[in-house]
1. Does L317 satisfy being at pLDDT below 95 and either on the phi < 0 side of the Ramachandran plot or touching a helix residue (DSSP H, G or I) at 6+ places or on another chain (Cβ under 7 Å) (or both)?
2. Please enumerate the residues belonging to the stretch 52-86 that are under 18 Å from the mean Cα position of the chain (by Cα) and under 21 Å from E221 (Cβ atoms).
3. If we scan the stretch 61-69, do we find a residue that is within 23 Å of L142 (Cβ to Cβ) and either out of contact with any strand residue (DSSP E or B) (no Cβ under 8 Å at 6 or more places or on another chain) or of a type outside the set (D, E) (or both)?
4. Quick one: which residue in T102, T158 is closer than 30 Å to V356 by Cα, in contact with a Lys or Arg (Cβ under 8 Å, 6 or more places away or on another chain) and modelled with pLDDT of 90 or more?
5. Might you let me know whether the stretch 189-206 holds any residue that is farther than 23 Å from C94 by Cβ and buried (at least 21 other Cβ atoms within 10 Å of the Cβ)?
6. Identify, from the list A132, A128, the residue that is over 20 Å from S147 (Cα atoms) and either free of Cβ contacts under 8 Å to residues at least 60 places away in the same chain or of a type in the set (V, I, T) (or both).
7. How many residues are over 19 Å from the mean Cα position of the chain (by Cα) and aromatic (F, W, Y) when one looks only at the stretch 100-150?
Amino acid sequence: MVTAAPTPTDRRSLRKLMAAGLVGSSLEWYDFFIYATAAALVFPKLFFPAATPIVGLLLSFSTFWAGFIARPIGGLVFGHIGDKFGRKPALVICLALMAAATFLIGLLPTSASIGVFAPVLLVLLRFAQGIAVGGQWGGVVLLLTESASSGRRGFAGTFGQAGVPIGVILGNVAFIVASTSMPAASFASWGWRVPFLASALLFPLVLFIQLKVEDSPVYKEIAARRAASPDSVVQAPLKEALRTHRKAILLGAGLMFASNAIFYVSIAGVLSYATSTLGLSRQSVLLASLASSIISVPFVFLSGRLSDRYGRRPLILLGALALTLWAFPYFWLIDTGSLGMLFAAVTVAGIASSLVYGPIAAYLGELFEAHVRYSGASLAYQLASILVSGGTPFIMTALLGATGTSVSVSVFLALMGVVTVYSAWKLPETNPVASAVAAEAQPAS
């Protein structure tokens, strides 16, 4: 099928959408990730004061995991809403929910004030964060990729994907500024709340998207078909996705295992490990994580652009193989106790992870037909979150406690890499440009 060249108005609309997607995704992930930093640094003492340090940390990371348990629920609920009522309404609701939940965490009383109700409320608000981010991802990446031409979907999708490292950067900056601009006692008492209260910045963006951004052309076509002939469009897209695309959902989730595992080890597990076990300062580790995230951002954009030219699978396979091979050198460097070696370890891991993560937005969307795309892509993405992402800091802490050595964590990371390699190998290439080139390269029979 021949696609008309984008008009100047189309290009302006897409640039506006890319900017909104990047800002919205960055702020959404900022809200989600500052919880990881707080869970490693302040929540054990504030919400679990009676526990021993290791138990307090495990309990704190278990509340962090609650957000990931909720993410598939958000994917299911808002996947259905996004396929049935539009990508934009689902995204707007998710952004507003995230902003509200994060802001309320910043106002939450601690155990010293309300006892056991404090961690209960913390878990409930973290659960709300998880539902919001579980639905948000599909909304932003589908608005981006479905609004772009077929040869630019990979690059367009990276404006949603890059929100992850940018969210880490913003979160680290917020905690570095808060913790260095006041005495330690003030930070532990109230200063940690400031990064959470800053989530109010999301509300103006929600209003902008609601008033100024249009839904994707793909969804508009589905809506027009539904209006003209209601029986021609699937009325239960979530049920249809689960019935007809189970293999794609499971393998799509597997695509995320390697990058998710190394990412959450780097931003949460290593922060706790390096400060409590290796004796590095909190600020220095946060700065190393900040610098590493800055370096990884351009690789997210680059990998998406390259996937438009060479295909989604080659980039994902290359990144997953690199992560599998890097699993052991990663901790060899960190265990030196050198901040420079820690920085090198997480930076190489971040670059390899970006090669996997950049093309994922376009790839997961292209694996599913348009009428079940939000449901299928969201479910695959968020299934990985409950299986790997949220539990990784907890698993790392438990493995270190049980074995006393980081080798056990390296084995875990390598296994996650193998799952991603297998998943990418079994899935088809979806980039039409790369598929056409591959077909031309085949000898005539």
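The values are calculated or read from the model by the stated rules, or taken from the named source; none is laboratory data. None of the values given here were measured: they were computed from a predicted structure. For neighbour counting, all protein chains shown are included, and Cβ atoms are generated from backbone atoms with ideal geometry for every residue, glycine included.
1. no
2. Within the stretch 52-86, F78, G79 qualify.
3. yes
4. T158
5. Yes, the stretch 189-206 contains at least one residue that is farther than 23 Å from C94 by Cβ and buried (at least 21 other Cβ atoms within 10 Å of the Cβ).
6. The match here is A128.
7. The qualifying residues number 2.
One line per residue, one yes/no per condition, for (1) charged (D, E, K, R); (2) farther than 21 Å from F155 by Cα; (3) modelled with pLDDT under 95:
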position	(1), (2), (3)
A322	no, yes, no
W326	no, yes, no
G340	no, yes, yes
V348	no, yes, no
L364	no, no, yes
L379	no, yes, yes
S389	no, yes, yes
T397	no, yes, yes
V418	no, yes, no
